[in-house]
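Asker: Take a look at this one; I'll ask things after.
The values are calculated or read from the model by the stated rules, or taken from the named source; none is laboratory data. Keep in mind that what you see is a predicted model, and the values were worked out from it rather than measured. Cβ coordinates were reconstructed from backbone atoms using ideal geometry, including for glycine residues, and neighbour counts include every protein chain displayed.
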Amino acid sequence: MAGAILLGRTNMPPMADGGSQRGYFGRTESPYNQEYMCTSYASGFSLGSGVATAAGFAPTGLGSETYIGKGTTSAGDAPAFADSIRALWLQAKKDLETLGASTVETNFPLVENYTKQHFPGQAAHVPGMPEGWIDIERCQMIALGWDNFLRTNDAPNCKTLATVDHKKIRSFYAPLDDLRKHTEAQNHVRYADMIAYIRHRPESIHDLPGCAEARRSLEAARKRDLDSWLDEHGCDAIVFPTNEDVPRADAEEVLSSMQHALRDGVKYSNGTRALKHMCVPAITVPMGIMADKQMPVGLTFAGRAYTDVDLLRYAYAFETATRH
């Protein structure tokens, strides 16, 4: 029986924060059209890994923050897809049906329920999640992961987060990307609070108050809004265009480009925060090239927990048949 092992290492350090803005050494640019970015605006490390995969440095991207390099050919609001993406989806739908799939247009309760805001600035809605847990995720949990990373690497000039000056961490090099305007209050990263906390840190992330309850609430939401929902409708997977549109490369310099880059499906890939938070397996393969912008677009296959092999099989069949 033929098979494969997916083996890789992450390039996503615990201290990552930001997106696809240019950094001190610039950034990875699109090999297809340099007027556009290669991934969602707020998915910086997906930008690099996606382009690396497209350039042949690796056969696939594994464990990506969002869907791997949606603007490469590597493997809220109601979406208002760009016309060229809608055209690619209509063709992909025909291709899937030719391969034997039965397609049904439907809603997506996992994403819809997750994104409901019950108060201004709410980053996620998950029934049963302990009050204040999202704030802990965005501060104490990150701080512990970051400090563990520094301790493990034991660099001579920085052995622990406790010795870091928080004022030197974020330089605000993209002035148009104002967190107070464009990011939910619960999603802000509080560096000063992290460093103060880590000086009296617990032994493990599992020691954080509410951690076990939060995990159980996320798993229950996934089972209810995805696993059981798919069972109820007799579906094997949910398949959708990875993104609504592609952000412009000048998004940190031109206000209109920034406003477009912050739209649903452009800031993050479609559904990505809900899917990643609830550990939903997903794989993305090329869906085709946008006729107007000459940028590749992905098709994402997502499904129940632990159905990774089935999703790989579906995605491989589509990619093999279409050769995008």
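Asker: Across region 307-324, what is the total count of residues that are surrounded by 16 or more Cβ atoms within 10 Å (Cβ to Cβ) and over 15 Å from ILE238 (Cβ atoms)?
Answerer: 5
Asker: While we're here: Looking at (1) in a helix (DSSP H, G or I); (2) within 28 Å of GLY19 (Cβ to Cβ); (3) at pLDDT 95 or above, can you tell me which one LYS276 breaks?
Answerer: Looking at each condition in turn, LYS276 falls short on (3).
Asker: Which one of the conditions (1) buried (at least 24 other Cβ atoms within 10 Å of the Cβ); (2) closer than 30 Å to ILE134 by Cα does ARG304 fail to meet, given that it meets all the rest?
Answerer: Condition not satisfied by ARG304: (1).
Asker: Next question. Pick from SER40, SER84: which is surrounded by fewer than 20 Cβ atoms within 10 Å (Cβ to Cβ), small (Gly, Ala, Ser), on the phi < 0 side of the Ramachandran plot and at pLDDT 60 or above? Show your work before the answer.
Answerer: On the way: SER40 fails: surrounded by fewer than 20 Cβ atoms within 10 Å (Cβ to Cβ).
Residue meeting the stated conditions: SER84.
Asker: Just to be sure I understand, how many residues within region 102-132 are buried (at least 16 other Cβ atoms within 10 Å of the Cβ) and more than 24 Å from GLY210 (Cα to Cα)?
Answerer: 1
Asker: Out of region 219-248, which residues are under 19 Å from the mean Cα position of the chain (by Cα) and either assigned to a loop (DSSP other than H, G, I, E, B) or polar (S, T, N, Q) (or both)?
Answerer: ALA237, THR242, ASN243, GLU244, ASP245, VAL246, PRO247
Asker: Can you work out which of the residues in region 170-212 that are acidic (Asp, Glu) and at pLDDT 70 or above is farthest from ARG138 (Cα to Cα)?
Answerer: As a first pass, look at region 170-212 and keep what is acidic (Asp, Glu): 177-178, 184, 193, 203, 207.
From the residues that got through so far, the ones that are at pLDDT 70 or above too are 193, 203, 207.
Working: ASP193: 10, GLU203: 18, ASP207: 16 Å.
Looking at residues that are acidic (Asp, Glu) and at pLDDT 70 or above, I get GLU203.
Asker: Further question: Six or more apart or on different chains, Cβ atoms under 7 Å: show the pairs whose first residue is in region 151-164 and modelled with pLDDT of 90 or more and whose second is surrounded by 10 or more Cβ atoms within 10 Å (Cβ to Cβ) and part of a strand (DSSP E or B).
Answerer: As it stands, the answer is VAL164/CYS158, since those pairs meet every condition given.
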